[in-house]
Amino acid sequence: MLTFTDQRLRQRDFLLRLSRAMAAELDLAPLLELVIGQAVELLAGNYGLIALQGQDERLHIRVSVGIDKESWPLFEPFLASLREEGVDAPRVREELRTVAEALDLPLRQAIALPLRFGVKFLGLIVVFRAAINVAFSTDDRQLLSAFADHAAIAVHNAQLYEQALAEKQRLNSIIEHSADGVMILDSRWRIVAFNRAMEQLTGWPREEAIGRPCAEVLAIENDQGVNICLTACPLQCYPEDPNPVVEGWITTRDGRRRYIANSYSPTRDVQGRFLGAIANVHDLTARKQEEELQLTFISVMSHELKTPVSIIKGYADMLNRPDANWDRQTMREGLQVIEEEADRLGRLINDLLEVSRLQAGGLRLELTVWDLPLLVEKIVRAFAAQVGDQFEFQLRFPVDLPPVHADYERIRMVLTNLVSNAIKYSPEGGTIRIGGWRAGDQVLVYVSDQGVGIQPEDLPYIFDRFYRVDNRLTRETQGTGLGLYLTKAIVEAHGGRIWAESTPGRGSRFFFTLPAGPRPLPGDGEVLEQSAPQDEQEDAAREEQRGENATPAVGYRMAVDVIGLG
Ligand code: ADP
């Protein structure tokens, strides 16, 4: 027979082992399994459950012994009454009977152990017996309450751990889905976390970036190409700064150049020792390019505006000299230069206005239906008067070309830009052909020259803002690099497309499309002059573009072929 002391020792030993096992388990679900198993055994019960208080202040069953999960909702009124009125209340007994009958289980006696951590109520352990046993002794009650206290501490810890894990996952997910690049550094500036935006920004896969020094993955260079991260890491140079920022260029792993701003949030211990940092990386490439474009804009524009103004001023001063008596020829030449430079200035100002309209939110088109060849003819006549016989202009449009549905002034600008480029970039002169044909519900127009042409590596960029091919001719030719940018914007605003083809040294050909207008009624259109000889090469190119059989369609004839100029 056990003495009183033996029994106490056994109880203490049992509790000690149990509390060790419970303390070792940080995952809530297995811990609750362990607790309820032990509680049922300790109380010689047949069934049991643990219900924890949720954020809604209600009790939710989390684990059970001998009771199916599907039956848990049936226990809710019983648990609520138990909580509100205590074990001895008649309503509690009533609810227990209802559950027992509903489930057909011998739930004759219930023992409830509240789980409390300090003043905080965590939930209930309830053990059910199939037979009514004798009441508990004071010792039993002490053991049970000590058991419940240990279980409550373990449950509380596991809940905290669960919350910390959930919080960590939430933070990870925020970092992962942040649109900005985020990386976390340890105390030796090595990367320990690297989000998806960082992968996209730097081209480094996370698995390879993690563990490397930050200066290797994000080698930020200043404008002089010096790696600031190695020579002047702001975390090391400005330890007092709570939020140091570094800005500069990086070369991504796949060779792209990006301009970034990296702002650090360092963490330090109480002695001020560096523990690590969170780095927020913003991609500022677009802003930097915009700034550089603005600078280019200012220098190009000041040069381009100053040149015609000083030429006009020079000629006007010269012609106006009171002491000079200029002959008619000199006067005419001088005035012609003034007129040409004033035209150039006018075009430049128009371009500038269009660019600012574009930047202020798009172009507003005034669409009307009109005949394109007539406009082309007008433009060509104006240019021909300026360039003399160095150029031959050929216009090729079929008579049945439908009118276009477009903004007349804007398309005048497009054609003026293309023809003016064809002249500018053909230092030896040559033939400039302008023509077009119907292509489905569009009219396709081309402007071709026999000039210097464009190298294939420059072709993709010629429609970019301020892009000028870097060669001797371009350097010697006035220009802003805005003409083709605007031309493209105007064509695209019409729903059209523009592109160029070129054979360097032999010439370039620009194509664009515009929406065709409704066909004019018979007799509406102007009858244009009948053609002269066809250029076979041009026709072959046209047929190739049309993707049609080389035989001209019935009724196809040249509306305006060659305008003899010079
Ligand atoms: P720019 O004011 O310099 O003429 P554009 O935007 O009109 O600007 O043209 C951009 C660049 O494309 C030019 O600087 C030139 O190098 C090239 N380019 C445009 N048209 C032609 C052409 N017909 N032949 C050869 N090069 C051309």
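Based on Cα contacts under 8 Å between residues 6+ apart, the stretch 288-388 shows a relative contact order of 25 percent. Each Lys and Arg adds +1 at its Cβ and each Asp and Glu adds -1 at its Cβ; summed about the Cα centre, the stretch 214-286 shows a dipole of about 160 debye.
Between residue 285 and residue 492, the modelled label-to-label distance comes to 1.8 nm, taking each label 7 Å out from Cα in the direction of the beta carbon.
When 147, 383 are sorted by how many other C-beta atoms sit within 10 angstrom of their C-beta, beginning with the fewest, the order is 383, 147. Computed over the Cα atoms of the stretch 100-163, the ratio of the radius of gyration to the Kirkwood radius (Rg/Rh) comes to 1.08. Most simply put, the stretch 345-439 has about 40% antiparallel DSSP beta bridges, counting only bridges with both residues inside it.
Place a point 7 Å from Cα of residue 68 in the direction of its Cβ. Which residues in the stretch 94-108 have their backbone N less than 16 Å from it? Answer for this model: 99-106.
Working from label points 7 Å from Cα in the Cα-to-Cβ sense, the residue 349 to residue 80 distance is 8.3 nm. Amide hydrogen proximity for residue 67: with H placed 1.01 Å from N in the peptide plane, the residues at 5 or more positions away or on another chain lying under 5 Å are 48. Membrane-span-like helices in the chain (whole DSSP H runs, Cα extent of at least 24 Å along the helix axis, mean Kyte-Doolittle hydropathy of at least -0.5): 4-24, 138-177, 285-319. Placing unit charges on the Cβ atoms of the charged side chains and taking the dipole of the chain about its Cα centre, the candidate lying farthest along the positive direction among 376, 179, 504 is 179. In plain terms, if you count all Cα to Cα distances in the chain and split them into 10 Å steps from zero, the share in each step is 3, 12, 14, 11, 10, 10, 9, 8, 8, 7, 5, 2, 1, 0, 0 percent.
Subtract the Cα-Cα distance of residue 21 and residue 270 from 0.36 nm times their separation in residues, and report this length gain in nm to one decimal.
Numbers: separation 249, 0.36 × 249 = 89.64 nm, distance 3.58 nm.
Computed gain between residue 21 and residue 270 is 86.1 nm.
The stretch 218-329 gives an Rg/Rh value of 1.43, both radii derived from C-alpha positions and Rh following Kirkwood.
Apply 1/(1 + (r/R0)^6) to the Cβ-Cβ distance of residue 222 and residue 102, taking R0 = 56 Å, and write down the FRET efficiency to the nearest 0.05. The partial results should precede the final answer.
Values: r = 77 Å, r/R0 = 1.37.
It comes out at approximately 0.15.
Values of log10 I(q)/I(0) for the stretch 160-212 across q = 0.19, 0.21 Å⁻¹ run -0.67, -0.77, by the Debye formula with one identical scatterer at each alpha carbon and no solvent.
Would you work out the relative contact order for the stretch 228-295, in percent, from Cα pairs under 8 angstrom that are 6 or more residues apart? Let's see the in-between values first.
Working: 84 pairs, mean separation 15.7, N = 68.
Across the stretch 228-295, relative contact order equals 23 percent.
Remark: 372, 335 ranked as 335, 372, counting other beta-carbon atoms within 10 Å and listing the fewest first.
Counting other Cβ atoms within 10 Å, keep those with at most 12, restrict to DSSP loop, and tell me which trypsin sites (Lys or Arg not before Pro) in the stretch 220-274 are left.
Details: sites: 253, 256, 257, 258, 268, 273; in loops: 253, 256, 273.
In loop regions of the stretch 220-274 (DSSP not H, G, I, E or B), the sparsely surrounded trypsin sites (Lys or Arg not before Pro) are 256, 273.
Kirkwood radius, the stretch 118-217, all distinct C-alpha pairs, inverse of mean reciprocal distance: 18.2 Å.
Run the reach check for residue 288 against aspartates and glutamates, Cα to Cα strictly under 15 Å, same-chain hits fewer than 8 apart removed. What comes back? The qualifying aspartates and glutamates are 221, 223, 247.
May I ask you to list the GluC sites (Glu not before Pro) in the stretch 31-119 that are in a DSSP loop and have at most 16 other Cβ atoms within 10 Å of their Cβ?
Of the GluC sites (Glu not before Pro), the ones in loops of the stretch 31-119 whose Cβ has at most 16 other Cβ atoms within 10 Å are 57.
What the Cβ-Cβ distance of residue 385 and residue 256 gives, at R0 = 45 Å and to the nearest 0.05, is a FRET efficiency of 0.40. Extents of the stretch 435-496, taken as max minus min of Cα coordinates on every principal axis and listed largest first, are 41, 25, 21 Å. Here the stretch 36-184 is treated with +1 on each Lys and Arg Cβ and -1 on each Asp and Glu Cβ, and its dipole about the Cα centre works out to around 220 debye. In the stretch 255-312, a dipole from Cβ-located charges (positive for Lys and Arg, negative for Asp and Glu) runs towards its positive end, and of 278, 262, 311 it is 278 whose Cα lies farthest in that direction. Here the Karplus relation 6.51 cos²θ - 1.76 cosθ + 1.60, evaluated at θ = phi - 60°, turns the backbone of the stretch 499-515 into coupling constants of 7, 9, 10, 7, 10, x, x, 10, x, 10, 9, 9, 10, 8, 10, 9, x Hz, with x for every Gly and Pro.
First measure r as the distance between the Cβ atoms of residue 327 and residue 363, then evaluate 1/(1 + (r/R0)^6) with R0 = 56 Å and state the FRET efficiency to the nearest 0.05.
Values: r = 47 Å, r/R0 = 0.84.
In this case the efficiency is close to 0.75.
Placing a label point 7 Å from the Cα of residue 278 along the Cα-to-Cβ direction, the residues of the stretch 155-172 whose backbone N falls under 18 Å of that point are 164-172. The mean of 1/r over all pairs of different alpha-carbon atoms in the stretch 325-436, once inverted, gives a Kirkwood hydrodynamic radius of 16.2 Å.
Given their separation in residues at 0.36 nm each and the Cα-Cα distance between them, residue 94 and residue 178 gain 24.8 nm when the chain is fully extended.
Would you order 121, 78 from fewest to most other beta-carbon atoms within 10 Å of each residue's own beta-carbon?
Values: 121 16, 78 24.
Result, fewest neighbours first: 121, 78.
Placing unit charges on each Cβ (+1 for Lys and Arg, -1 for Asp and Glu) gives the chain a dipole about its Cα centre, and among 447, 490, 513 the Cα reaching farthest toward its positive end belongs to 490.
Assign unit charges at the C-beta atoms only (+1 for Lys and Arg, -1 for Asp and Glu), then state the dipole size of the chain relative to its Cα centre in Debye, rounded to the nearest 20. Write out the running numbers ahead of the final one.
Values: 61 positive and 81 negative charges, 339 e Å.
Using Cβ point charges on Lys, Arg, Asp and Glu, the chain gives about 1620 debye.
Please compute the modelled spin-label separation between residue 316 and residue 471, points set 7 Å along Cα→Cβ, answer in nm with one decimal. Inter-label distance under the simple model: 3.7 nm.
Are there GluC sites (Glu not before Pro) in the stretch 327-412 that DSSP marks as loop and that have at most 13 other Cβ atoms within 10 Å, and which are they? Mind dumping the intermediate values first?
Details: sites: 333, 339, 340, 341, 354, 366, 377, 392, 409; in loops: 366.
Passing sites in the stretch 327-412 are 366.
Length gained on full extension, residue 53 to residue 412, computed as 0.36 nm times the residue gap minus the Cα-Cα distance: 121.5 nm. The alpha carbon radius of gyration of the stretch 1-148, expressed as a multiple of 2.2 N^0.38 Å, is 1.06.
All of the numbers you see were taken from the coordinates with simple rules; none came from a lab. Bear in mind that the values here come from a model prediction, so they are computed numbers and not experimental data. Counting neighbours? That spans all protein chains shown, and the Cβs are built from the backbone with ideal geometry, glycine included.
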